[in-house]
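Trainee: What follows is a structure written as structure tokens; I'll ask about it next.
Where a number appears in this text, it was derived from the coordinates with a stated rule and is not lab data. On a predicted model such as this, the values are computed, not experimentally measured, just so you know. Counting neighbours? That spans all protein chains shown, and the Cβs are built from the backbone with ideal geometry, glycine included.
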């Protein structure tokens, strides 16, 4: 069974631009969560989707948004990019969306903002 | 509110000696706790998880962790370190009881010398 896939793997943008990242969960998984990983702040939760509904949201500004489609694929968007948005963005999928189940992580999208 | 604290940012051991990575947690309810490992330029992989069943949890690659409610700890151990264990390790707690959002510790870098 294929794992979680994320596209693109690498991205370079300039300040003020916007970016869309994509995540395809493991087949049959219904939940997708997004995380930002930086050397300074570590791994921080962005948001979580289950059955096309956002269930939880982390403490990030409104420039960060996301959505989930009926096939469970998810996208996240960052508008008006800032230098501090440079990070590794990870998504994770889960089968039933329960708090005790294993989350499977993708390889991440590395975003560099110049 | 949920939180985890990894007590050591860096641990160095010799190959064949025991490994101990320390983690304390704070939770307002019975938590789900996880240890994830991240090898350089690779994705996050689940080592083991505690979900209120047995307090001693066995994971992959010889790792295990013990949930101690009285000490609010969930330390990760391995009897004998291998060179391939060198990586970053994250102690993780479920953010809520409804959903899959996770709160990550700052991470412990494990170095293994020959």
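Trainee: Just for the protein assembly as shown, what percent of DSSP beta bridges are antiparallel, to the closest 5? Each step should come with its number before you reach the end.
Mentor: Working: 71 of 80 bridges.
Antiparallel bridges: around 90 percent, rounded to the nearest 5.
Trainee: What is chain B's relative contact order, in percent, from Cα pairs under 8 angstrom and six or more apart in sequence?
Mentor: After rounding, I find 37 percent.
Trainee: With both partners inside chain A, how many of the DSSP beta bridges are antiparallel, as a percent to the nearest 5?
Mentor: Working: 37 of 41 bridges.
The antiparallel fraction comes to roughly 90 percent.
Trainee: Let me know the mean shielding of B:84-95 by other chains, meaning the per-residue number of their Cβ atoms within 10 Å of its Cβ. Can you show the working numbers first?
Mentor: Values: counts 0, 0, 0, 0, 0, 0, 2, 0, 2, 1, 5, 6.
For peptide B:84-95, the averaged partner shielding equals 1.
Trainee: When only Cα pairs under 8 Å and 6 or more residues apart are kept, what is the percent relative contact order across chain A?
Mentor: This gives 36 percent for chain A.
Trainee: Under a GNM of chain B (C-alpha, springs under 10 Å), which listed residue has the highest mean-square fluctuation: B:28, B:70, B:52?
Mentor: In this elastic network of chain B, the residue with the biggest mean-square fluctuation among B:28, B:70, B:52 is B:70.
Trainee: Can I ask one more? Expressed in nm to one decimal, what extension gain is obtained for the pair residue A:10 and residue A:44 from 0.36 nm per residue of sequence separation less their Cα-Cα distance? Please report the intermediate quantities before stating the final value.
Mentor: Values: separation 34, 0.36 × 34 = 12.24 nm, distance 1.94 nm.
Answer, rounded to one decimal: 10.3 nm.
Trainee: Quick check: Cα centre of segment B:91-112 to Cα centre of segment A:16-88, how many Å?
Mentor: A separation of 17 Å, based on Cα centres.
Trainee: I've got another one for you. State, as an integer percentage, the relative contact order of segment A:1-61 based on alpha-carbon contacts under 8 Å between residues 6 or more apart. Could you put the intermediate results ahead of the total?
Mentor: Details: 74 pairs, mean separation 13.8, N = 61.
Rounded, it is 23 percent for segment A:1-61.
Trainee: Still on this structure: With chain A treated as a Gaussian network of Cα nodes joined by springs under 10 Å, which of A:95, A:63, A:73 yields the largest mean-square fluctuation?
Mentor: A:63
Trainee: Of the residues B:16, B:59, B:43, which exhibits the maximal mean-square fluctuation in a Gaussian network model of chain B defined by a 10 Å Cα contact cut-off?
Mentor: B:43
Trainee: Something else about it: Along the Cα-to-C-beta direction of residue A:53, a point sits 7 Å from the Cα; which residues of segment B:71-114 have their amide N less than 12 Å from that point?
Mentor: Hits in segment B:71-114 for residue A:53 at 12 Å: B:99.
Trainee: Can you tell me the length gained on complete extension of the stretch residue B:46 to residue B:22, counting 0.36 nm per residue apart and subtracting the Cα distance? List each step's numbers first, then the result.
Mentor: Numbers: separation 24, 0.36 × 24 = 8.64 nm, distance 1.68 nm.
Additional length available on full extension: 7.0 nm.
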